[in-house]
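Accompanying notes for the structure given below.
The values are calculated or read from the model by the stated rules, or taken from the named source; none is laboratory data. These numbers come from a predicted model, not from an experiment. Please note: Cβ atoms are built from the backbone with ideal geometry, for glycine as well, and neighbour counts cover all protein chains shown.
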Amino acid sequence: MIVFVAGDLLTAKESYIAQGVAEGNQEGLGTGLALKISKKWPNVQAAFKKYARAGKFTGGQIWTLEPDGNQPGFIYLATQPDMYHATLPYLRKAVRGLAKWADKNGIESIALPKIGSGLGKLSWNDEVKPLLIEQLTLGPTRYVVYETFLNEFENTAPLRFK
């Protein structure tokens, strides 16, 4: 099942948070959602970088980190050959891998951003959203796509002091 919501992905109640990243060494996870995750959960980036340095994270693959206490689990999808351009073949392979992994492991719910359409530059409406609907509609896992990102500290009027 797939649903589209507005909200802050970093406060998601789903079991896992997934995101798309570039394949390879991963020395530069300092932008966008990766940076926000790194600031909130530094252990996630440390574990991922350790794995990625071994050269095993290539186009279309996924990496997972189990939930720990109050911290959700994380899934990184290799959707991009470089930091600034996702490709539809990488995204398609990664999303298929995500669905198979979630089914095999009985994962209840996964939160995702508009994967591949931010820094990845794929068209959300024409390419990414139809692919997610096609690949993630069937199966027992509930995929919650944060189509509109809202953060309680963003989009608010500045405070005025007297």
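Here is how the numbers come out for the structure above:
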{"quantity": "Residue within region 110-121 that is at pLDDT below 95, assigned to a loop (DSSP other than H, G, I, E, B) and over 14 Å from the mean Cα position of the chain (by Cα) present", "calculated": "yes"}
{"quantity": "Residue 17 vs. criteria touching a Pro at 6+ places or on another chain (Cβ under 6 Å) and surrounded by 20 or more Cβ atoms within 10 Å (Cβ to Cβ)", "calculated": "yes"}
{"quantity": "Which listed residue, of 126, 103, is surrounded by fewer than 20 Cβ atoms within 10 Å (Cβ to Cβ) and touching a Gly at 6+ places or on another chain (Cβ under 6 Å)", "calculated": "103"}
{"quantity": "Inter-residue pairs, beta-carbon under 6 Å, first assigned to a loop (DSSP other than H, G, I, E, B) and in region 136-148, second exposed (fewer than 15 other Cβ atoms within 10 Å of the Cβ) and of a type outside the set (S, T, N, Q), 6+ apart", "calculated": "139/103"}
{"quantity": "Odd one out for residue 64, checked against (1) within 19 Å of residue 2 (Cα to Cα); (2) outside any loop (DSSP other than H, G, I, E, B)", "calculated": "(1)"}
{"quantity": "Selection status of residue 42, more than 14 Å from the chain's Cα centre (by Cα) and within 27 Å of residue 3 (Cβ to Cβ)", "calculated": "no"}
{"quantity": "Residues (touching a residue at least 24 places away in the same chain (Cβ under 8 Å), of a type in the set (Phe, Trp, Tyr) and either surrounded by fewer than 20 Cβ atoms within 10 Å (Cβ to Cβ) or outside any loop (DSSP other than H, G, I, E, B) (or both)) located in region 37-61", "calculated": "41, 48"}
{"quantity": "Region 62-85 - residue that is touching a residue at least 40 places away in the same chain (Cβ under 8 Å) and of a type in the set (Phe, Trp, Tyr) and, of those, farthest from residue 42 (Cα to Cα)", "calculated": "76"}
{"quantity": "Candidate set from region 87-99 (those that are more than 17 Å from residue 52 (Cβ to Cβ) and touching a residue at least 60 places away in the same chain (Cβ under 8 Å)); member that is surrounded by the most Cβ atoms within 10 Å (Cβ to Cβ)", "calculated": "91"}
{"quantity": "Residue check, residue 106 at pLDDT 90 or above and touching a strand residue (DSSP E or B) at 6+ places or on another chain (Cβ under 8 Å)", "calculated": "no"}
{"quantity": "Residue match in region 72-85 (condition: small (Gly, Ala, Ser), modelled with pLDDT of 90 or more and surrounded by fewer than 17 Cβ atoms within 10 Å (Cβ to Cβ))", "calculated": "no"}
{"quantity": "Unique match (being under 17 Å from residue 146 (Cβ atoms) and among the charged types (D, E, K, R)) among 100, 114, 49, 39", "calculated": "114"}
{"quantity": "Number of positions in region 67-96 that are closer than 23 Å to residue 108 by Cβ, over 14 Å from the mean Cα position of the chain (by Cα) and assigned to a strand (DSSP E or B)", "calculated": "2"}
